[in-house]
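Notes to accompany the following structure.
The values are calculated or read from the model by the stated rules, or taken from the named source; none is laboratory data. Being a predicted model, the structure only gives us computed values, none of them experimental. Every residue, glycine among them, receives a Cβ derived from its backbone with ideal geometry; neighbour counts consider all protein chains shown. The accessibility values were calculated without ligands, DNA or RNA, using every heavy atom of the protein model including side chains. Shrake-Rupley method; radii C 1.70, N 1.55, O 1.52, S 1.80 Å.
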Amino acid sequence: MQMNYAGKISKDDFLQAIFLHNPHLKLQRWLVTILLVLMALSLIYLLVVRPDPLISKLFPSLLPGLVILAVFGTFPWWLPYVQLASFDQKTNIYRKNVFGMVDDAGITVNNTEIKSSLQWTIFVDYRLSQDLLMLYQSKSCFNLFKSNMFSTPDEWDKFVSFSKAKVVSNKRGA
């Protein structure tokens, strides 16, 4: 089997890959939202519904700690966007058009600045969404492929199936 691919990974695609790489962020967002709402309701109750002179005196001292807690508590919302800054780094090959070939031996990944040939044995895992495939070389190092990089949807499906089979066989052999 041999097929060519070419295309560009956009910043939005890269953000989607970050969310695919960190599936736990969705659960964290829900949990933190619930905790922040409960904290806000408790604070409103203590300051408005059942005002206590002691709470009113302590509140100015507690405010900086509550602000810090809120900033760190909201990290599931802003962390992916901090990670997205890596898209603009010079070492990110996806800033420019990427092209290459997939065959039984491996995948070539090229752009105007790099030329790499990766054997299938280097890939240890994969993650898949509807139109993105992440092939992992390690826990946090991956190659990203998008469905529109392939000439037809059928070719994309063949690539995904072939990649999944190759990566699974690598896991078994390890």
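Things worth noting here:
- Computed over every Cα-Cα pair of region 95-151 and binned at 5 Å starting from 0, the pair-distance distribution P(r) comes out as 4, 17, 27, 30, 19, 3 percent.
- Trypsin sites (Lys or Arg not before Pro) restricted to DSSP loop in region 81-163 with at most 15 other C-beta within 10 Å: Lys90, Lys96, Lys139
- Cross-link table Lys11/Lys166; Lys90/Lys164; Lys8/Lys90, entries beyond 24 Å C-alpha to C-alpha: Lys11/Lys166; Lys90/Lys164
- By the Stokes-Einstein formula, at 1.306 mPa s and 10 °C, the chain with its Kirkwood radius over alpha-carbon pairs has D equal to 82 µm²/s.
- With contacts taken as Cα pairs under 8 Å at a separation of at least 6 residues, the chain carries a relative contact order of 28 percent.
- Average projection area in nm² (convex hull over Cα atoms of region 8-56, one quarter of hull surface): 5.0 nm²
- Within the accessible surface of the chain, defined with a 1.4 Å probe on protein heavy atoms only, the carbon and sulfur portion equals 65 percent.
- Using the average count of surrounding beta-carbon atoms within 10 Å as a protection proxy, the listed peptides 4-17, 27-40 rank, highest first, as 4-17, 27-40.
- The value of relative contact order for region 80-143, using C-alpha pairs under 8 Å at least six residues apart, is 16 percent.
- Å² per residue, accessible surface of the chain at 1.4 Å: 63 Å²
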